[in-house]
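The values are calculated or read from the model by the stated rules, or taken from the named source; none is laboratory data. None of the values given here were measured: they were computed from a predicted structure. Cβ placement follows ideal geometry from the backbone for every residue including glycine, while neighbour counts extend to all protein chains displayed.
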Amino acid sequence: MNKAITDGLMLMPPAFAGGLDVWSSEDGTPGSNTYDGSANAALVPADQDFGGCLELVKTDNTQKLRYMGETPILPGCYLRVTARIKAITGNLPSVRIAGWAGKSGGVHVAGLNETGPSVALTSYGEVVEVSAIIGSGDRTGVDMIWGTEPIYGHFGLDLTGSNGAVVRIDDIIIEDITSAFYRTMMDWVDVRDYGAIGDGSTDDFDAFTAADDAANGRAVLVPAGVYRLGDSFTFENRVRFEGTVTMDTADRLVLRKNFELGSYIDAFGDEVLAFKKAFQALLNFTDHDSLDLAGRRIELDAPIDMQAAVANQTTFEVRRIIRNGQINLVSSTNWDTETHLSTASYNTGNPKKLTNVVNVANIPVGSLVTGTGAGREVYVKDRNIGANEITLSQPLWGANASQNYTFTRFKYALDFSGFAKISKLTISDVEIQCNGFGSGILLAPAGETFHVKDCFITRPRDRCITSHGTGCQDLQIDRCHFSSDEQSVPATARTSIVFNVNANDAKIRDSRFQRFLHTGVLNGNGHLIVGNHWFQGDGVTDGPRVAGFIFTYPNMNSVITGNYIDNCFVEWTNEHDANPDFSSEFSFGGLSLTGNIFMAIDVAAWFTWIVIKPYGPGHFLQGMNVQGNTFKAINGNIDRIEMVDNSIADLDYSRSRNVIFEGNSFNGINQAAINPVTLEFDQATNASTWTLNVADYLPFGGNARTVTSVVAEGDILNSSNQVTYNFPSVTPNAGAGNDLVQLKWPQSCRGKVQVTARMDNPV
């Protein structure tokens, strides 16, 4: 690059033969004294070495010679000033290139080095060449580093040493030698050329700004060094880091043209800090909706407080994506689980509060709460230290007025709990390798449509995705793979859980869940569980199994469709109800299980795939649809596919309504569950009352509540072997267990009938 050529800049001063009125004996500024008519200066028209030249007698301690023209100084442009000189007589002086730095308005820029290296003249008649390079950047070979403040200079030379010397000076040359520092076809600018120091302490913000402004579409180079930025900075152009930057935690670095993790790692030299700063930028500017991890792997030895990384944001509800990379947890005490024991009071009138909490300040938000009467996956949503109160994610179903609780705080790779609310955040194509050290993701306490798609979360110590509030509203998990760190542990001894939901409308689709204690614990309603495979078996022969999905909201209005439910069961409870006894609310209903594959291998005969567990009396079924499923047990039959766990309370079977079990297939199942069920009854002997036992077929051991049809198959014969055309009266709910149907005829008779009975009222 040569600005004299490319931009037409006038760099060369005129020859001395043109007159000495433009050559100053001072700094070269307007009004300074010149050598025109001076007694110690004369023009020599024909020197044998120089041709026309200036002869000068040294009369001052520092004899100055300056061109009075303003030679422009541009950022990124480097000038070389060269002079040839020889001593004629008198004391031999020293000579150096020198200048005066000026800015707008003719103001001197103080504090700069304005002289080049000094060269001593050692003999008479010997031609000596001196030169110096002037430029904005601190580069090797630059003698006068002026930064970006000066915009021009007055250049020439100084004679130093003893007075009395007579010297002759050839015409001074000023030339652009930027090409000595840049390759010929440059497509980048260097921040050093705009005054950056890179010593880790000097604020290089202005230099970065000037370089980025000058780039104008070209790349910006940050060369080796550590560059401090004293404020948030946005690169408008692509940037390449050979050195690193340092800035305060609250300040942001935005890479507008290469916003991806690799560039941030180059910028900060630390992959964890780089991820934090990139996430900070993601939530603070609008040019990009996604942070590309660029396939990079982040080695993580401690949880990332995602809100602390952003600092200025506590609520964010604009769509953002983190995608395409891997987070690998490494061994560290930072992953150690915190456990706190405390006494607290509970009142069902304020069902999501613990009060009088001892040492509440020690209990972290996001802790799992366990104790008498606490259901599964209840967490600390918030705490009020001044009031000694804790806000819970769910009510407790049977806690004492005052009792001991255990608060267990798992450590998560990505911890969003510091936010008040996060919505529309997607994590896509990211693998979190927990390696048994920590857990995966802790959601914000509030928010909607947190989306995890095409991700792998493997070997969590405790949890994959946890919601300690309502940040799981409309949680979406799509095409993900979750595998536990407890593959060889018997199912009942495992402790890890994939996810929990405290709000409504979760969509769990096309994902795979492998050998956890539980796959999901879901409160709320409106959930869609579609196309997944969750399996929780083990190598224990005739072993017990645990729940895969647990639904804790009785009237759940949800769908489980097209899943592969393998060696585990679906459990339906109301354990997150402070008043679990039925009163006036909707009871268990609104669940559809359709088109699923249910599989069990080597399980105990009493295993079932569908379990209802009321936590208080008086509840009943008021809407359940189980259709088009296949149930198959291998290596040993099981008794039934469904049951009520009445260890706490039973259902009220007299109120069952709108329950459908039909179109299912049963293999390796001793007794099918069908409702309504149509059975053939053959009364071989004459009797006026026929008693039909339909109990075995009715789901959940329900009552024979209604009979919708009785159809004779062939003739009904009386004791005289005559056909009778009478129709019987029907008595449902017969017998001590209310599970028999009685047909009462006007006379004793015998024959065969098809009876359709139900354990419910269909409307």
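Output the residue which, of all residues in the range 333-349 that are exposed (fewer than 14 other Cβ atoms within 10 Å of the Cβ) and assigned to a loop (DSSP other than H, G, I, E, B), is nearest to the chain's Cα centre (by Cα). Filtering the range 333-349 for residues that are exposed (fewer than 14 other Cβ atoms within 10 Å of the Cβ) and assigned to a loop (DSSP other than H, G, I, E, B), the one nearest to the chain's Cα centre (by Cα) comes out as ASP336. For the residues GLY217, GLY200, the requirement of being surrounded by fewer than 17 Cβ atoms within 10 Å (Cβ to Cβ) and assigned to a strand (DSSP E or B) singles out GLY200. Taken as a whole, the range 287-295 holds at least one residue that is touching a Phe, Trp or Tyr at 6+ places or on another chain (Cβ under 6 Å), more than 19 Å from LYS421 (Cα to Cα) and in a loop (DSSP other than H, G, I, E, B). Filtered by the rule that a residue be β-branched (Val, Ile, Thr) and surrounded by fewer than 24 Cβ atoms within 10 Å (Cβ to Cβ), the range 482-520 gives VAL489, THR492, THR495. Checking the structure you have, find out if any residue of the range 31-53 is under 19 Å from ASP143 (Cα atoms) and not in a loop (DSSP other than H, G, I, E, B). Looking for residues that are under 19 Å from ASP143 (Cα atoms) and not in a loop (DSSP other than H, G, I, E, B), one finds none in the range 31-53, hence no. When the range 552-600 is filtered for residues that are among the acidic types (Asp, Glu) and either crowded, with 19+ Cβ neighbours inside 10 Å or modelled with pLDDT under 95 (or both), the ones remaining, listed by number, are ASP566, GLU571, GLU575, ASP577, GLU585.
Within the range 486-512, the set of residues being within 25 Å of LEU392 (Cα to Cα) and among the acidic types (Asp, Glu) comprises just one member, ASP505. Among the residues of the range 515-544, those that are among the small types (Gly, Ala, Ser) and over 27 Å from the mean Cα position of the chain (by Cα) comprise GLY537, GLY539, GLY543. Scanning the range 231-245 for residues that are among the small types (Gly, Ala, Ser) and in contact with a strand residue (DSSP E or B) (Cβ under 6 Å, 6 or more places away or on another chain) yields a single hit, GLY243.
Scanning the range 711-733 for residues that are more than 29 Å from ALA695 (Cα to Cα) and outside any strand (DSSP E or B) yields SER719, SER720, ASN721, GLN722.
Looking at the structure I just gave you, is SER345 touching a residue at least 12 places away in the same chain (Cβ under 8 Å), out of contact with any helix residue (DSSP H, G or I) (no Cβ under 6 Å at 6 or more places or on another chain) and more than 30 Å from ARG509 (Cα to Cα)? Criteria met by SER345. Within the option set ASP36, ASP47, being farther than 28 Å from TRP146 by Cβ and either surrounded by 15 or more Cβ atoms within 10 Å (Cβ to Cβ) or outside the structural domain of ALA165 (by TED's automatic domain parsing) (or both) holds for one residue only, ASP47. Summed over the range 646-693, the residues that are in contact with a helix residue (DSSP H, G or I) (Cβ under 6 Å, 6 or more places away or on another chain), of a type in the set (A, V, I, L, M) and assigned to a strand (DSSP E or B) give a count of 1. When PHE549 is tested against the conditions (1) over 14 Å from ASN523 (Cβ atoms); (2) at pLDDT 95 or above, the lone failure is (1). The residues on offer are TYR67, TYR78, and the sole one that is more than 15 Å from ALA165 (Cα to Cα), in contact (Cβ under 8 Å) with a residue 60 or more places away in the chain and more than 59 Å from the chain's Cα centre (by Cα) is TYR67. Take the conditions over 28 Å from ASP602 (Cα atoms), in contact (Cβ under 8 Å) with a residue 12 or more places away in the chain and in the same structural domain as ILE634 (by TED's automatic domain parsing) and apply them to ALA506. Does it pass? Yes.
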